[in-house]
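Below you'll find the structure, written out as structure tokens, and then a few comments.
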Amino acid sequence: MKWAYSLSTLLITVLIFYIFLEIKYLRHFSSSPQELTPEATKEDSYQLKLFSQRREYTRKQCLSSNGSSLDLKHVLLDEERKLLFCVVPKVACTNWKRVLISLETRMNLTEIKYPHSHTFKTLSQSTLQEKALSKYSKFIFVRHPYERLVSAYENKVHRPFTNYFRSRLLREGMRDLSFPSFVDFILSKKPRDLNEHWSPQYMLCRPCQVDYDYIGRYETMKEDSDYILEDVLHLNVSLPKNQSQSPIGRTVMITPIYLRKLSSAAREGLFQLYKRDFELFGYKFPNWVNDNKKTG
């Protein structure tokens, strides 16, 4: 029995050490903005200051942008309440659609079962683009690029019941259903041809053309969404708890594990694809980018 106890103790020790290494490695993928630190003491004042900092940070990053595309089909429009919201798949967009439907129909959030079947008006369909861009309240929620990609892979490809995406990707030339094959498939496409679930967020929402007042983050979903719901939309509701969870979740933990499966060329290609998301929304570059700069 002693040897069994010793073996169990050893396995537990190894597991704890492995988790420690994963968390240490994960810090290279920190979801915190690069230069934002809390200074205000009151919660609302701090939250407003944080939104202002994020907005200014993105504005500064946009100074180096020469893009002029204004594809606004992902920007939803609510003319009555003068709102613009950009839909980013895998960033709680389903629940935010429920919020917009609730505003329009007065339905309770829990009563809205199929928000994706609702027809929303988009800014690309409106004749009020200039007015809406300058006068309406504009908000967006973004997510760490790699965590969003892994979440999309697990939800749309890895799970056995996702037959639609599986068969479609294999039909379009993906070798198999592994993550490296998935990444190679993505990198073989032009960015503008990518599915919205793994398209770069800046290409969906055009933050250098749409000056978002509120840039929320998946990693601080509860705090950001509570402020927008209460202080901007004046609603006494909260997003469901499963979408307002702590950033220390399963996807955060497994993202480095998935990335380790990639070749250095694939990792570099992936970074180049999502580089603008890292820059515009203040996410830290992966550690290998800085390592390459030091040795290059």
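The values are calculated or read from the model by the stated rules, or taken from the named source; none is laboratory data. This structure is a prediction, so every number in the text was calculated from the model and none was measured. Cβ sites come from the backbone with ideal geometry, for glycine too, and all protein chains shown count toward neighbours.
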Looking only at the range 209-266, and only at residues there that are modelled with pLDDT under 90 and not in a loop (DSSP other than H, G, I, E, B), the one that is farthest from Glu104 (Cα to Cα): Arg250
Selected residue (criterion: farthest from the chain's Cα centre (by Cα)) from residues of the range 117-147 that are touching a residue at least 60 places away in the same chain (Cβ under 8 Å) and farther than 21 Å from Pro200 by Cα: Leu133
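Results for (1) among the small types (Gly, Ala, Ser); (2) surrounded by 12 or more Cβ atoms within 10 Å (Cβ to Cβ), shown as yes or no for each residue.
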position: Lys82; (1), (2): no, yes
position: Arg98; (1), (2): no, yes
position: Thr105; (1), (2): no, no
position: Ser124; (1), (2): yes, yes
position: Ser137; (1), (2): yes, yes
Residue in the range 225-239 that is closer than 26 Å to Leu280 by Cα and charged (D, E, K, R) present: yes
Filter result for Tyr114 (in contact (Cβ under 8 Å) with a residue 12 or more places away in the chain, of a type in the set (Phe, Trp, Tyr) and either under 26 Å from Glu279 (Cβ atoms) or loosely packed, with under 11 Cβ neighbours inside 10 Å (or both)): no
Residues within the range 153-164 that are over 20 Å from the mean Cα position of the chain (by Cα) and of a type in the set (Phe, Trp, Tyr), tallied: 2
Tabulated pairs, the range 57-83, first modelled with pLDDT under 90, second hydroxyl-bearing (Ser, Thr, Tyr) and surrounded by 12 or more Cβ atoms within 10 Å (Cβ to Cβ), C-beta under 8 angstrom, 6+ apart or interchain: Asp71/Ser124
Breaking point among (1) touching a Pro at 6+ places or on another chain (Cβ under 6 Å); (2) closer than 16 Å to Glu196 by Cα, for Arg98: (2)
Residue list for the range 207-243, filter: aromatic (Phe, Trp, Tyr) and within 21 Å of Asp277 (Cα to Cα): Tyr212, Tyr214, Tyr218
Neighbours by Cβ (under 7 Å, 6+ apart or cross-chain): first from the range 267-289, modelled with pLDDT of 95 or more; second among the small types (Gly, Ala, Ser) and not in a helix (DSSP H, G or I): Tyr283/Ser31
Matching residues in the range 176-205 - criterion: being under 14 Å from the mean Cα position of the chain (by Cα) and assigned to a loop (DSSP other than H, G, I, E, B): Glu196, His197, Trp198, Ser199, Pro200
Options Glu154, Glu111, Glu172; residue that is closer than 21 Å to Ile257 by Cβ and of a type in the set (Asp, Glu): Glu154
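To keep it simple, each residue is scored yes or no on (1) closer than 19 Å to Arg148 by Cβ; (2) surrounded by 21 or more Cβ atoms within 10 Å (Cβ to Cβ).
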{"position": "Arg175", "(1), (2)": "no, no"}
{"position": "Pro180", "(1), (2)": "yes, no"}
{"position": "Glu196", "(1), (2)": "yes, no"}
{"position": "Cys205", "(1), (2)": "yes, yes"}
{"position": "Asp211", "(1), (2)": "no, no"}
{"position": "Ile215", "(1), (2)": "yes, yes"}
{"position": "Tyr218", "(1), (2)": "yes, yes"}
{"position": "Lys275", "(1), (2)": "yes, no"}
Selection status of Arg192, touching an Asp or Glu at 6+ places or on another chain (Cβ under 8 Å), modelled with pLDDT under 95 and on the phi < 0 side of the Ramachandran plot: no
Test: Gln53 is in contact with a Pro (Cβ under 8 Å, 6 or more places away or on another chain), surrounded by 15 or more Cβ atoms within 10 Å (Cβ to Cβ), modelled with pLDDT of 90 or more and not aromatic (Phe, Trp, Tyr): yes
